[in-house]
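The values are calculated or read from the model by the stated rules, or taken from the named source; none is laboratory data. What you are looking at is a predicted structure, and each value in this text was computed from that prediction instead of being measured. So basically every Cβ, Gly included, is an ideal-geometry build from the backbone, and we count neighbours across all protein chains shown. The area values use the complete protein model at the heavy-atom level, side chains included, leaving out ligands, DNA and RNA. Shrake-Rupley method; radii C 1.70, N 1.55, O 1.52, S 1.80 Å.
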Amino acid sequence: MTKIKICGITEEDEIAALNEAGVDYAGFVLYEKSKRYVTVQKATQLFKKLNKDIRKIAVTVAPESGMIEEIGRAGFDLLQVHGVDAAKAERIAAQTKLPVWLAVNLRDPAEVRRWRREEYHRIAGIVIDAGAYGSGKTFGWEQSGQDEMCCAVRAFREELLAEGRTFVLAGGLDAENVAEGIRIFSPDVADVSSGVEVLCDGKRMKNKIKIIEFKKAV
């Protein structure tokens, strides 16, 4: 079955929801400009309460060497990198013992073809995301007229599968569309953030009921 990653964890109540729902991955965003930003120190305190079988992912944007080293010492299981090209991601992967997932932002089929031409050696997985990270939108696969885009992404997925790399589908997923995304792309992991949130006291928070609905849909 497709595994589930809940990204953008910021509070203990969200940890409790993840534990109860029984997901596979928890993502902690270590990027200061994100509305779901947490420090490495806060993430460490949060995931001490996380079930041991839920893997902890450090989500970063173009991390520098110091941040990579700090993440390596903190107890994360994976490092997810946004905002870099394949060559930079390879250099980051060489600096850490953690498996590295590279996020690629897609706007059109030409971008898919560009990413397919890259060489991936140390990269453990590819996160296929929308054009703008954290936008809560898909890259358009659910819209009519996107057959070329879908075919290009499926071909990319087959290449990654043959190489033994993880394929993660992200960007705008929720309980309403994730089943169709799985049918089209057969991802190893479905990655959701805003799609399982509700507004609570003026802040968007992960919601246990929405997480369970998403899991059922997967």
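Worth pointing out:
- A simple charge model with +1 on the Cβ of Lys and Arg, -1 on the Cβ of Asp and Glu and nothing else charged puts the dipole of the chain at about 400 debye relative to its Cα centre.
- Accessible surface of the chain, 1.4 Å probe, proportion on carbon and sulfur as whole %: 46 percent
- Backbone N within the stretch 177-218 under 14 Å of label point (7 Å from residue 11 Cα along the Cβ vector): 197-209
- Within the chain, antiparallel bridges make up roughly 10 percent of the DSSP beta bridges whose residues both belong there.
- Cα lying deepest toward the dipole's positive end in the chain, options 187, 199, 104, charges on Cβ: 199
- Summed over the residues of the chain and divided among them, the accessible surface reaches 47 Å² per residue at a probe radius of 1.4 Å.
- With 0.36 nm allotted per residue and the present C-alpha distance subtracted, the residue 179-residue 204 stretch has 6.6 nm of extension available.
- The stretch 135-218: GluC sites (Glu not before Pro) in DSSP coil with no more than 11 other Cβ atoms inside 10 Å: 163
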